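Heads up: the structure comes next, in structure tokens.
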Amino acid sequence: MRRLDLRELDPATEDLAAVYAAAVPRAEVDVEHALRAVVPICEDVRTRGEDAVLEAGERFDGIRPAQLRVPVAALADALAELAPEIRAGLEESVRRLRQTCEAELERSIVTDVAPGATVERRIVPMQRVGLYVPGGLAPLLSTVIMNAVPAQVAGVPGIALASPPQAEFGGLPHPTILAACALLGVDEVYAAGGAQALAMLAYGAGECRPVNLITGPGNIYVAAAKRHLQGTVSIDSEAGPTEIAIIADDTADAAIVAADLIRQAEHDPMAAGVLITDSEVLATAVEAELATQIGSAKHADRIRIALEGPQSATVLVRDLDQAVEVANGYAAEHLEIQTADAGTVAGRIVNAGAIFVGSHTPVSLGDYAAGSNHVLPTAGCACHSSGLSVRAFCRNVHVVTYSEDALREVGGHVVTLAEAENLPSHGAAVSIRTDR
């Protein structure tokens, strides 16, 4: 990893967060360029439906599934063949995530604004959602859980899930993904990937009816499809290449820091690893550990490309105060705090998808069994967007109820304000009720 020295940056610089956001490297992602490839695919699915999805699958995934919808028997078979230890891990992951989702689920609230006048904030689940689970370089069975559990806790009655067809498995999605679906009782599963899968969910195709919301991570073409389809459906976010930032001081264990950077780089050659430290000694020790650990990693080539790429760096800072400022400017998808007083440092972070506090809380824990959600905003979007949660699958609806007396009590103000806006008929709709 290259080094980036920010120690001489003037702390009095105006808009320091913007300076840090620009200074810390990120993968170059051109969603607008990807849109040019994605829009025709989405439009083809919109006009031709199932045939367009199947043809796109044949073109991009190398196989044309016999049918879009995965047979229920295939789901059951995948679960039956799942290794017992993997099933046990999935069940524990589900239990912990369900527990946090149930605690975070908002309840309807009724406010008495005046005698006879109530406003209820009613929580309504989305009626139909589409979940996307990538195939790509790894079968992300954990992503099934991260998408489906909050939707189920929210009470969504209709859940459809799409994952790319795999030539190795006869045009079905990866069997571990199917097994996770079966474990959760998600039986509407489609062998479709990429932009064509998202268009199928948004517009409907074959047995798949249109959804209201699409969630889940994916590559740049999935992100571009989300951008194109937003408005037709709601989306969670445009997730880009994954990333980790680690704030570490001289108390951190270099071997652990290196292992966590490697872990993130294992995802994708475009994954970003950023170490933010005030210790040159630690930085040097981490570099040595990376050289040792990468050599024995299964995906060494992929990891090396990611950590040697322009999106990764060791960022040298003056002290932990500057480290916090850099981290808030970078707004990482995953942020680890490995310092002497990690809890206090974590309390000063305002921009991050998820924060992992202390040397015993690796991001890998959050990927699988922490009880948190691993579908998180990337590319600096953590400064304005949140990770996926049960709230994403709910809507707020105001239910307003006024008695006649309550309307009379406030009606004069409504009429006055309507006339101030030169909308007298607005006021008349109240007066016709109160002036009789």
So how do Leu6, Leu275 line up by other beta-carbon neighbours within 10 Å, fewest first?
Leu6, Leu275
Rounded if a/c is under 1.5, else prolate if a/b is larger than b/c, else oblate: which is the stretch 31-239, with a ≥ b ≥ c the root eigenvalues of its Cα gyration tensor?
oblate
Calculate one ³J(HN,Hα) per residue across the stretch 221-226 by plugging θ = phi - 60° into the Karplus curve 6.51 cos²θ - 1.76 cosθ + 1.60, and present them in order as whole Hz with x for glycine and proline.
6, 5, 4, 5, 5, 4
If we sort 114-121, 329-336, 280-287 on the protection proxy, mean other Cβ atoms within 10 Å, highest first, what's the order?
329-336, 280-287, 114-121
Mean separation of Cα contacts under 8 Å (6+ apart) over length of the chain, as relative contact order %:
22
Taking every DSSP beta bridge with both residues inside the stretch 31-239, roughly what % is antiparallel (nearest 5)?
35
Taking the DSSP beta bridges in the chain as the whole, what percent of them are antiparallel, to the nearest 5?
30
Using alpha-carbon coordinates alone, the radius of gyration and Dmax of the stretch 123-263 in Å work out to 16.9, 58
With θ set to phi - 60°, apply the Karplus curve 6.51 cos²θ - 1.76 cosθ + 1.60 along the stretch 39-56 and write out the HN-Hα couplings as whole Hz, x wherever there is a Gly or Pro.
4, x, 5, 5, 5, 5, 5, 4, 8, 10, x, 4, 4, 5, 5, 5, 5, 5
Assigned charges on the beta-carbon of Lys, Arg, Asp, Glu; the stretch 163-255 dipole about Cα centre (debye):
560
Quick note, the stretch 315-361: a/c under 1.5 would make it rounded; otherwise a/b > b/c is prolate and the rest oblate (a ≥ b ≥ c, C-alpha gyration tensor); here it is oblate
Determine the gain in length on full extension of the stretch Glu104-Arg121; use 0.36 nm per residue of separation and subtract their C-alpha separation, reporting nm with one decimal.
4.5 nm
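From the Cα gyration tensor of the stretch 283-375, with a ≥ b ≥ c the square roots of its eigenvalues, which class applies: rounded if a/c is under 1.5, or else prolate if a/b is larger than b/c, or else oblate?
Cα axes put the stretch 283-375 in the oblate bin.
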Given springs between every Cα pair under 10 Å in a Gaussian network model of the chain, which of Val153, Val113, Val133 has the largest fluctuation?
Val113
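Magnitude of the Cβ-charge dipole of the chain, K/R +1 and D/E -1, about the Cα centre, nearest 20 debye?
Charge dipole of the chain: 1320 debye, to the nearest 20.
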Rounded to whole angstrom, the alpha-carbon centroid of the stretch 9-79 lies from that of the stretch 106-161 at a distance of 22
Taking Rh as the Kirkwood radius computed over C-alpha pairs, what is the Stokes-Einstein D of the chain at 25 °C in a medium of viscosity 0.890 mPa s, expressed in µm² per second?
102
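Taking a quarter of the surface of the convex hull around the Cα atoms of the stretch 324-409, what do you get in nm²?
Averaged projected area of the stretch 324-409's Cα convex hull equals 9.1 nm².
Quick note: the coordinates plus some simple rules give every number you see, no bench work behind them. None of these values were measured; they are calculated from a predicted model. Glycine gets a Cβ as well: all are built from the backbone with ideal geometry, and neighbour counts include every protein chain shown.
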